[in-house]
Amino acid sequence: MLLDPRALIMFGANALLLYLTQLVNSGMAGWPVYLFLLGPMIVLPALYLRHQSYFICTLLTGLWVDASLSVPFGFFTILFLIAGAMIFSVRIRFRAEHNYHPILLAHGINFFLLVALTVATGREYFGVASFWIQVVTTSLSSHLALLIIAPWFYNLERQLFEICHLETEPEDLPLL
């Protein structure tokens with residue numbers, strides 16, 4: 001099979017998560033805080049899918065995020081592919097059928113993406129204290145929100161697999 005249908009479900013869930021995050025950020029526009037929730041989008045495709053399907057899902061998600069956020073074209077696409085490839089190369093070490101490892105990976109990836117965005121777009125503000133307060137506030141609020149949103153997001157994807165009568169287990173699940 002050329003493309004695993006789960007890749008399309010994961011891409012749709014990623015688009016939904018991005019849309020809901022932007023909706024919440026729009027509602028909180030009067031407050032000096034926003035949510036940055038891109039980490040969960042990469043984890044399950046890298047843990048569940050084979051190379052080709054993972055690559056297509058991550059590429060489409062990265063392009064979708066780049067088009068939605070005000071970053072240089074290809075910024076998140078490249079970072080998503082790099083982060084996903086790191087997870088993909090060691091995925092045999094993680095238990096993907098439960099939420100514990102994917103949530104930890106989502107926090108790590110989210111932090112990596114936030115640091116990369118901070119370094120790439122905020123270099124001229126490194127000496128300004130309010131910039132760092134904003135970065136720390138965004139990081140803390142995002143990671144607190146991830147504690148609630150990541151399990152919901154992963155369970156939503158698994159439920160969509162079941163509804164569509166697709167395989168709910170990862171491709172290369174380690175044998176214990």
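The values are calculated or read from the model by the stated rules, or taken from the named source; none is laboratory data. Computed from a predicted structure; not experimentally measured. Glycine also receives a Cβ, built like all others from the backbone with ideal geometry; neighbour counts cover every protein chain displayed. SASA here: full protein model, heavy atoms, side chains in, ligands and nucleic acids out. Shrake-Rupley method; radii C 1.70, N 1.55, O 1.52, S 1.80 Å.
Okay, here's what the table says:
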{"quantity": "Average Cα contact separation per residue, the chain, under 8 Å, 6 or more apart, as relative contact order %", "calculated": "32 percent"}
{"quantity": "Within the accessible area of the range 5-164 (1.4 Å probe), percent carbon and sulfur", "calculated": "74 percent"}
{"quantity": "Unit charges on C-beta of K, R, D, E only; dipole of the chain, Debye", "calculated": "300 debye"}
{"quantity": "Paramagnetic label zone (point 7 Å from Cα along Cα-to-C-beta, VAL128; backbone N under 14 Å) in the range 21-37", "calculated": "none"}
{"quantity": "Residue-wise HN-Hα coupling along the range 59-67, computed from phi with Karplus coefficients 6.51, -1.76, 1.60 (Hz; x: Gly, Pro)", "calculated": "4, 4, 5, x, 5, 4, 5, 4, 6"}
{"quantity": "Accessible surface, per residue, of the chain when the full set of protein chains is kept, probe 1.4 Å, Å²", "calculated": "53 Å²"}
{"quantity": "Bins of 10 Å, starting at 0 and running to the largest distance - Cα pair percent for the chain", "calculated": "10, 39, 35, 13, 3, 0"}
